[in-house]
């Protein structure tokens with residue numbers, strides 16, 4: 001009897017609460033404030049930490065020559081197979097590195113693609129790509145390995161910053177497709193077993209080339 005009485009008291013309170021309208025008035029909402037904690041470290045360090053945490057392979061390059069040396073060392077491994085690159089800004093660097101790559105084969109036939117990106121989002125360690133890039137839509141998702149080359153001037157802290165910069169970059173002609181890549185592709189949809197490379201590249205590399213002047217007083 002006591003249990004039944006206690007249960008009835010709880011149900012009575014619940015009914016009373018549901019019948020009573022809230023008297024709380026909504027206050028002014030600040031849409032500009034960040035909901036995430038702030039970071040005091042440089043953007044490149046924040047990005048490197050977050051990108052590595054989601055399974056990405058991060059390589060920092062002090063300049064173009066450093067990038068040439070690093071990517072040449074990486075691609076000495078024959079496991080990268082057929083390498084494709086269609087980015088006019090990256091091709092001269094790859095040729096200087098004397099790398100074997102093909103810009104003529106279909107992207108679907110490539111084992112590895114080398115592309116640029118729109119922006120890097122430090123807060124989540126994400127890469128923003130779009131259909132406006134020379135690599136198009138498929139280069140980031142079809143191959144087993146995706147190598148992204150970016151510069152420190154492309155770093156922003158939050159997604160909203162990247163979207164604002166993208167709008168400023170293309171004005172009234174935005175890309176038909178914009179995508180955010182956060183680490184190598186993975187899925188646990190099938191029997192709750194984590195599978196990498198499920199909907200895109202199994203291995204994701206990010207070469208970050210420093211193109212900003214360093215101030216020793218910073």
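Observations on the structure shown:
- Residues (out of contact with any strand residue (DSSP E or B) (no Cβ under 7 Å at 6 or more places or on another chain) and under 14 Å from residue 45 (Cα atoms)) located in segment 121-158: 123, 124, 125, 153, 157
- On inspection, residue 60 passes the criterion of being more than 14 Å from residue 204 (Cβ to Cβ) and assigned to a strand (DSSP E or B).
- Only a single criterion out of (1) surrounded by fewer than 16 Cβ atoms within 10 Å (Cβ to Cβ); (2) modelled with pLDDT of 90 or more; (3) under 18 Å from the mean Cα position of the chain (by Cα); (4) at positive phi is not satisfied by residue 153, namely (4).
- Hits in segment 78-98 (condition: more than 25 Å from the chain's Cα centre (by Cα) and more than 25 Å from residue 132 (Cβ to Cβ)): 78, 96, 97, 98
- Qualifying residue in segment 84-98 (condition: assigned to a helix (DSSP H, G or I) and crowded, with 18+ Cβ neighbours inside 10 Å): yes
- Hits in segment 99-121 (condition: assigned to a helix (DSSP H, G or I) and closer than 30 Å to residue 155 by Cβ): 107
- Yes/no for residue 81 being at positive phi and either in contact with a helix residue (DSSP H, G or I) (Cβ under 6 Å, 6 or more places away or on another chain) or at pLDDT below 95 (or both): yes
The values are calculated or read from the model by the stated rules, or taken from the named source; none is laboratory data. All of these numbers come straight from a predicted model, not from anything done at the bench. Here the Cβ is made from the backbone with ideal geometry for all residues, glycine too, and neighbour counts use every protein chain on show.
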